[in-house]
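The values are calculated or read from the model by the stated rules, or taken from the named source; none is laboratory data. Remember, predicted model here, so these are calculated numbers, not experimental data. Cβ atoms come from the backbone with ideal geometry, glycine included; neighbour counts cover every protein chain shown. Ligands, DNA and RNA are excluded from the accessible area calculation, which covers all protein heavy atoms including side chains. Shrake-Rupley method; radii C 1.70, N 1.55, O 1.52, S 1.80 Å.
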Amino acid sequence: MSSPSADRVLDRGDNRVAASGPLGTFFKGFLKNPVMVGSIIPSSKKLIDNMLGRVDWANTKVFVEYGPGVGTFCRPILERMAPDATLIAIDTNPDFISYLDTRITDSRFVPVLGSAADVGAILAERGHFHADYVLSGLPFSTLPPGVGDIIARETAEALRPGGCFLVYQFNPKVRDFLAPHFPRIDHAFELVNIPPAQLYWAWKD
């Protein structure tokens with residue numbers, strides 16, 4: 001097996017998708033679409049542990065992540081999940097999806113090329129009525145007009161009662177998108193990250 005930093009070319013029918021190591025792939029994704037990636041550097045371990053610390057893993061069967069990038073959160077989520085749980089990772093960037101599809105071989109992991117705005121349909125297509133938790137690092141404040149509102153609304157619809165929308169952002173404006181759909185929102189600030197991040201847990205009571 002090649003090292004994580006080695007460049008590889010992956011065959012996909014008539015397409016050849018170039019995938020580098022995680023940092024190279026993440027950087028390329030940022031350059032291609034900075035509005036959707038939001039940061040040039042993946043999240044820190046401290047941010048990941050803090051963000052996931054409020055998840056009730058024993059009662060988590062379906063976990064969804066928006067914008068997984070190169071899997072910075074995917075692996076820690078899989079390490080914590082039960083053997084019969086499922087992680088659905090949704091991204092609009094085909095390079096990220098191809099990278100994850102080849103690098104994460106866990107049978108519980110389902111990478112999906114698609115939009116977070118379609119989370120309900122994506123869950124239904126895979127036989128799930130709802131998600132227990134949804135995680136997002138998408139930069140709500142820079143998404144095209146109306147998209148952030150749709151994602152927040154569709155996420156609230158997709159979550160089970162008692163479920164939670166976990167959001168990490170660099171702009172506190174994200175609360176404006178969450179508040180109309182989630183009556184209870186917890187907040188924290190993580191300094192050990194580049195840049196420091198706002199953390200939100202929006203609960204579906």
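Data for the structure
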{"read-out": "Within the accessible area of region 43-147 (1.4 Å probe), percent carbon and sulfur", "value": "54"}
{"read-out": "Radius 14 Å from Cβ of N193, net charge of other residues (Lys, Arg +1; Asp, Glu -1)", "value": "0"}
{"read-out": "Summed residue charge, Cβ within 12 Å of A117's Cβ, Lys/Arg positive, Asp/Glu negative", "value": "-3"}
{"read-out": "Under the Debye formula (equal points on every Cα, no solvent term), log10 I(q)/I(0) of region 47-205 at q = 0.14 Å⁻¹", "value": "-0.64"}
{"read-out": "Surface/4 estimate of mean projected area, convex hull on alpha-carbon atoms of region 84-127, nm²", "value": "3.1"}
{"read-out": "Distribution of pairwise C-alpha distances over region 109-152, 5 Å bins, in %", "value": "5, 18, 30, 25, 14, 8, 1"}
{"read-out": "Selection of chymotrypsin sites (Phe, Trp or Tyr not before Pro), region 121-196, meeting DSSP coil and at most 13 other Cβ within 10 Å", "value": "F129"}
{"read-out": "Cα point-scatterer Debye curve for region 74-159, base-10 log of I(q)/I(0) at q = 0.11, 0.15 Å⁻¹", "value": "-0.31, -0.58"}
{"read-out": "Local net charge near R175, Cβ-Cβ under 14 Å (Lys/Arg +1, Asp/Glu -1)", "value": "-1"}
{"read-out": "Probe 1.4 Å, protein heavy atoms only - accessible area per residue of region 98-205 in square angstrom", "value": "45"}
